[in-house]
Amino acid sequence: MTHVPQSLCLLRTSALGDVTHVVPIIRTLQAQAPDTRLTWIVGKLEHKLVGDLPGVEFLIFDKGKGWLAFRELRAQLAGRRFDALLHMQVALRANLISAFVRSPLRIGYDPARSKDLHGLFVNRRIATRSGEHVLDAMASFLEPLGLKQTQVRWDIPIADSAGEFAERHLPGEAKTLLVSPCSSHVVRNWLPERYAAVIDHAAAQGWRVALCGGPSAYEREFGDAVAAKCASKPIDLIGRDTLKQFLALCRRALLVLTPDSGPMHMANAVGTKVLGLHAASNPNRSGPYSDRRWCVDRYDAAARKYKGKSAAELPWGTKIEYPGVMELIETGAVIERFEAFATQRA
């Protein structure tokens, strides 16, 4: 395609972190192709995070409905046609969804990053590159349209009511560490007693600490395990905030401590620094996009222990999700990054 499409469908239903990576693509399209009509097929939960982006039509795919979700989406797309489809999700479910999208140009991942028969549902592929952050890989979907992402901008809307929630729970100007201890991938989670040691260290340095997390029973139980190990008393916000309220809480924090997770990328999207915990995944690929200085990186150590190779010898994007892998991250290493951040900010 040598011209900018008049209508464009973006397919990325999940997960929260990856959906935040799509937002800069929307902003680039709105800046460089303002007349293009944008439709985004997105998951139900993820829609709560990005569904109020202006100038975008959202079609919600609720995977919790099973096959009914496919039928509903097919009905919404019936009779419609787009100039181009950005098929940005490598999964069998996403392939089935893409089959409902009528478009002559169907842009997908390169063969190295394809699986689950992804290649059968696209007719144009992004360039094969290694060593890219996930966000940059997604941005390359613009290149077949003759566009290029030169600026990364989120500006996810946050309602005043969400800001009021955050100010109510984190009032004033106290130095705040927000701890979001859980990832959707359980093996990426650090140990409760180690989180507690960092929380107590921060509290001893005069920082206010708040625990955040989703409403699931697992996250409640994990948060309780962290709090039980603490000598200090972190503010408990687990299960009490919405996605938008979490963004607002991040804006009131100086630093967010979290494993590779959706909250990591949400915090980064609002400009808050992240102390990321990486052993199961490579921070250069999936860490906080804007600033990875404060991350603890034990990915190479994990590669050597569990794969018998250095990180450099593994295919780009290899995940090392083995039970116990996060134990490679020492408490002292996390405290050192916390102190380095606190010192440079002083």
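The values are calculated or read from the model by the stated rules, or taken from the named source; none is laboratory data. As the structure is a computational prediction, the values presented were derived from the model and not from experiment. In this analysis, Cβ positions are derived from the backbone assuming ideal geometry, glycine residues included, and neighbour counts consider all displayed protein chains. These accessible areas exclude ligands, DNA and RNA; they are computed on the full protein's heavy atoms, side chains included. Shrake-Rupley method; radii C 1.70, N 1.55, O 1.52, S 1.80 Å.
Of all the residues in segment 133-160, those that are open to solvent by 30 Å² or more (accessible area, probe 1.4 Å) and farther than 27 Å from residue 243 by Cα number 4. Candidates in segment 106-119 are the residues that are among the aliphatic types (A, V, I, L, M) and modelled with pLDDT under 95; of these, the one that is most open to solvent (accessible area, probe 1.4 Å) is 117. Of all residues in segment 47-68, those satisfying the criterion of being open to solvent by 30 Å² or more (accessible area, probe 1.4 Å) and in a strand (DSSP E or B) are 57, 58, 60. Would you point out the residue of segment 304-320, among those that are under 24 Å from residue 111 (Cα atoms) and in a helix (DSSP H, G or I), that is most open to solvent (accessible area, probe 1.4 Å)? Selected residue: 313. Can you find even one residue in segment 292-302 that is open to solvent by 20 Å² or more (accessible area, probe 1.4 Å), of a type in the set (A, V, I, L, M) and part of a helix (DSSP H, G or I)? Yes: one or more hits.
Results for (1) more than 20 Å from the chain's Cα centre (by Cα); (2) hydrophobic (A, V, I, L, M, F, W, C); (3) farther than 17 Å from residue 153 by Cα, shown as yes or no for each residue.
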{"position": "14", "(1), (2), (3)": "no, no, yes"}
{"position": "24", "(1), (2), (3)": "no, no, no"}
{"position": "31", "(1), (2), (3)": "yes, yes, no"}
{"position": "35", "(1), (2), (3)": "yes, no, yes"}
{"position": "46", "(1), (2), (3)": "no, no, yes"}
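Taking the listed residues 232, 216, the one that is under 23 Å from residue 48 (Cβ atoms), over 16 Å from the mean Cα position of the chain (by Cα) and either open to solvent by 20 Å² or more (accessible area, probe 1.4 Å) or among the polar types (S, T, N, Q) (or both) is 216, with no other qualifying.
So that you can scan it fast, the table gives a plain yes or no per residue for (1) of a type outside the set (Ser, Thr, Tyr); (2) assigned to a loop (DSSP other than H, G, I, E, B); (3) surrounded by 16 or more Cβ atoms within 10 Å (Cβ to Cβ):
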position: 3; (1), (2), (3): yes, yes, no
position: 10; (1), (2), (3): yes, no, yes
position: 13; (1), (2), (3): no, yes, yes
position: 17; (1), (2), (3): yes, no, yes
position: 20; (1), (2), (3): no, no, yes
position: 23; (1), (2), (3): yes, no, yes
position: 31; (1), (2), (3): yes, no, no
position: 42; (1), (2), (3): yes, no, yes
position: 45; (1), (2), (3): yes, no, yes
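The set of residues in segment 276-291 that are surrounded by 23 or more Cβ atoms within 10 Å (Cβ to Cβ) and touching a helix residue (DSSP H, G or I) at 6+ places or on another chain (Cβ under 6 Å) comprises 276, 278, 279, 280, 282, 286, 288.
Here is a yes/no grid of residues against (1) of a type in the set (Val, Ile, Thr); (2) at pLDDT 95 or above; (3) in contact with a strand residue (DSSP E or B) (Cβ under 9 Å, 6 or more places away or on another chain):
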| residue | (1), (2), (3) |
| --- | --- |
| 244 | no, yes, no |
| 250 | no, yes, yes |
| 294 | no, yes, yes |
| 299 | no, yes, yes |
| 334 | yes, yes, yes |
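Of all residues in segment 117-136, those satisfying the criterion of being farther than 27 Å from residue 266 by Cβ and either part of a loop (DSSP other than H, G, I, E, B) or not aromatic (Phe, Trp, Tyr) (or both) are 117, 119, 120, 122, 123, 124, 125, 127, 128. For segment 85-99, a residue qualifies if it is hydrophobic (A, V, I, L, M, F, W, C), open to solvent by 50 Å² or more (accessible area, probe 1.4 Å) and in contact (Cβ under 8 Å) with a residue 24 or more places away in the chain, and the qualifying residues are 92, 96. Against the list (1) of a type outside the set (A, V, I, L, M, F, W, C); (2) free of Cβ contacts under 8 Å to residues at least 24 places away in the same chain; (3) in contact with a helix residue (DSSP H, G or I) (Cβ under 6 Å, 6 or more places away or on another chain), the condition residue 180 fails is (2).
Would you call residue 340 loosely packed, with under 14 Cβ neighbours inside 10 Å, in a helix (DSSP H, G or I) and small (Gly, Ala, Ser)? It is true that residue 340 is loosely packed, with under 14 Cβ neighbours inside 10 Å, in a helix (DSSP H, G or I) and small (Gly, Ala, Ser). Scanning segment 235-260 for residues that are of a type in the set (Ser, Thr, Tyr) and surrounded by fewer than 21 Cβ atoms within 10 Å (Cβ to Cβ) gives a single hit, 242. Applying the selection to segment 137-150, what residues are out of contact with any helix residue (DSSP H, G or I) (no Cβ under 7 Å at 6 or more places or on another chain), assigned to a loop (DSSP other than H, G, I, E, B) and closer than 12 Å to residue 24 by Cα? Within segment 137-150, 150 is the sole residue that qualifies.
Among residues of segment 307-320 that are within 18 Å of residue 113 (Cα to Cα), those with a beta-carbon under 9 Å from a residue that is open to solvent by 80 Å² or more (accessible area, probe 1.4 Å) and part of a loop (DSSP other than H, G, I, E, B) at least six positions away or on a different chain give the pairs 315/130; 316/129; 316/130; 317/130.
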